[in-house]
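Since the structure comes first, as structure tokens, the remarks are kept for the end.
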Amino acid sequence: MKNKLEKYGQQQLLRFENELTKEEKDALYKQIENLDFSYLQVEETEAKSDPKTVSPIKGMEIAEIEKNREKFEKIGLEVLENQQLAAVLLAGGMGTRLGSDKPKGVFNIGKTKDVFIFQTHFETLLKVVEKCGKWIPFFIMTSEKNHEITVDFLKEHDYFGYNKDYVCFYVQEMAPCVDFDGKILLEEKGKVATSPNGNGGWFSSLLKDNQAREMLEKYDIKWINMFGVDNVLQGIADPVFLGAVIDGGYEIGAKVVKKTVDTEKVGLFCKKNGRPSMIDYGDMTEEMTKQRDETGDLVYKYGNVLNYLYDIDLLYKFKDQKLPVHIVTKKVPYIDENGNLLNPEQPNAHKFELFSLDLFEYAKDCLPFVVEREKEFAPIKNKEGADSVATAQALLEKNGYKL
Ligand code: UTP
């Protein structure tokens, strides 16, 4: 372990070694041994996308979906009736923007009664279960920071009426947090500061968990619907979406909302070098941002709602593929060299994250599937303002929810 620290110039992690009890020392040594230091070799934040490599992607608009709704639904329902679709909820994030130290899913957004974010997802799935007559295997990815509280919370609420035999938790991997000089921080004198390694490791972490892997095999899962915890109107296990992806022969589908105003700051689906991808609004030229087609629609218009369908064969095929590591800048509490715990008010550290979208370029093609923003997109990211509890509450009520 000492060699490892020396090799990477991280001896500061043992700065308080002499103040620790034997148990604390053992725990710290074990943590250091198990920590993946290869993240430290990542140098730059990702390069900006070169607009020259970017071209529009063809999506399926609501009119076309409605025309084929019955056909798509039939195809999708067949997969659900055979229990060959699994849902995967990404719940390992820290939700720092929301400012709660609890997992985002346990956040209560009710006004006159309890309505938890997790509950909205279980209720959506239960409606699909009612429709197809079969339980849908449901994986929930947590991180070591929020696993116990998530599991206890859902047990306590009896999985909001879902069949617990079909719910499987697994834990994602962690990455070290470093200061701006690349030195790993301590969050306690005997504990390295770590954070979940982004949502891109979701499949490799799932395969490392025996129980999760067995569940995939038991039901001979063919499709995975992966989605983020934030959107309380998330249309999960949607047979029409699934049917459209299967009917078109796609390996990946993504629910999207249409950007209508060219100033909206949202990442957009596109092709890069001919492969499905996403472009950050900051990387688009002004011309691309404003470009409209002959119908008057923006050319780059498909905004991400973090609800993807994957053909599982694609996931297996690229399971060992190393995805790019993104460096993100965040506020991370840490122990300074005098042993004081500091809670910085400004971002002070880099975290290393993998992004689930980076797998898209390995698919031959992807179907952006347009959904109505007001019916399927109510994200809770911030405490106040846009994409906050208040905006999500208003959208839920608009959709007939009693809060
Ligand atoms: P976000 O990008 O919103 O990150 O995650 P976050 O950590 O939840 O929130 P902030 O940025 O700190 O405020 C999008 C989705 O990916 C999941 C989140 O739980 C959410 O469903 N996620 C993110 C993970 O499961 N693991 C991660 O390491 C990061």
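When you count the other C-beta atoms within 10 angstrom of each residue and take the mean per peptide, 278-290, 365-377 line up highest first as 365-377, 278-290.
Hey, which of these cross-link pairs are over 28 Å Cα-Cα: K7/K191; K30/K164; K164/K222; K113/K259; K111/K331? K30/K164; K113/K259; K111/K331, as the Cα separations exceed 28 Å there. Compute the long axis of helix 117-132 from its Cα atoms, compare it with the longest principal axis of the Cα atoms of the chain, and write down the angle in degrees, 0 to 90, nearest 10. Between helix and principal axis, roughly 40 degrees.
Size descriptors for the chain, from the alpha-carbon set: Rg then Dmax equal 22.0, 71 Å.
Once you keep just the Cα pairs under 8 angstrom separated by 6 or more residues, what percentage relative contact order results for segment 287-403? So the answer I get is 16 percent. Extension gain, N108 to K2: 0.36 nm times the residue separation minus the Cα-Cα distance gives 33.6 nm. Less than 5 angstrom separates the built amide H of N231 from those of I380, all sequence-distant by 5 or more or on a different chain.
Placing dummy labels 7 Å off each Cα toward the beta-carbon, the span from D181 to K155 is 4.4 nm. When segment 171-245 is described by a simple charge dipole with +1 on each Lys and Arg Cβ and -1 on each Asp and Glu Cβ, the residue from N197, F180, L207 located farthest towards its positive end is L207. Taking the C-alpha atoms only, the angle from helix 147-156 to the longest principal axis of the chain is near 50 degrees.
Per residue, the convex hull spanned by the Cα atoms of segment 1-159 amounts to 256 cubic angstrom. In this Cβ point-charge picture (+1 for Lys and Arg, -1 for Asp and Glu), segment 247-298 has a dipole of about 160 debye about its Cα centre. By the equivalent-ellipsoid construction on the alpha carbon gyration tensor, segment 217-262 comes out with semi-axes of 23, 16, 9 Å, ordered largest to smallest.
Put a plus charge on the Cβ of each Lys and Arg, a minus charge on the Cβ of each Asp and Glu, and nothing anywhere else: the dipole of the chain about its Cα centre is then about 300 debye.
Kirkwood analysis of segment 124-165, using all unique Cα-Cα pairs, places the hydrodynamic radius at 11.5 Å.
Its relative contact order, with pairs defined as Cα atoms under 8 Å and 6+ residues apart, puts the chain at 24 percent.
Note on segment 194-252 and segment 122-137: Cα centroid distance 15 Å, given to the nearest whole angstrom. DSSP assigns beta bridges within the chain; of those with both partners inside it, close to 65 percent run antiparallel.
Report the one residue of M141, V54, N304 whose Cα lies farthest in the direction of the positive end of the charge dipole of the chain (charges on C-beta: Lys and Arg +1, Asp and Glu -1; origin at the Cα centre). Most positive-ward Cα: N304.
Considering only L89, V129, A63, the residue lying farthest towards the positive end of the dipole of segment 47-134 is L89, judged by Cα position with unit charges set on Cβ.
The charge dipole of segment 74-140, taken about the Cα centre with unit charges on the Cβ atoms of Lys, Arg (+1) and Asp, Glu (-1), comes to about 220 debye, rounded to the nearest 20. The alpha-carbon of K102 sits under 18 angstrom from the alpha-carbons of these aspartates and glutamates, leaving out residues fewer than 8 places away in its chain: D114, E144, E148, D152, E156, E187, D230, E384.
Compared with the alpha-carbon gap, the fully stretched path from E81 to Q11 is longer by 19.6 nm at 0.36 nm per residue. In a fully extended conformation the segment linking D101 and D293 would gain 64.6 nm over its present Cα-Cα distance, using 0.36 nm per residue. Neighbours of V245 by Cβ distance under 9 Å: Lys/Arg scored +1, Asp/Glu scored -1, total -3.
Readers should treat all values here as calculations from the given coordinates under stated rules, not as data from a laboratory. Here the structure is a predicted model, which is why all the values come from computation and not from measurement. In this analysis, Cβ positions are derived from the backbone assuming ideal geometry, glycine residues included, and neighbour counts consider all displayed protein chains.
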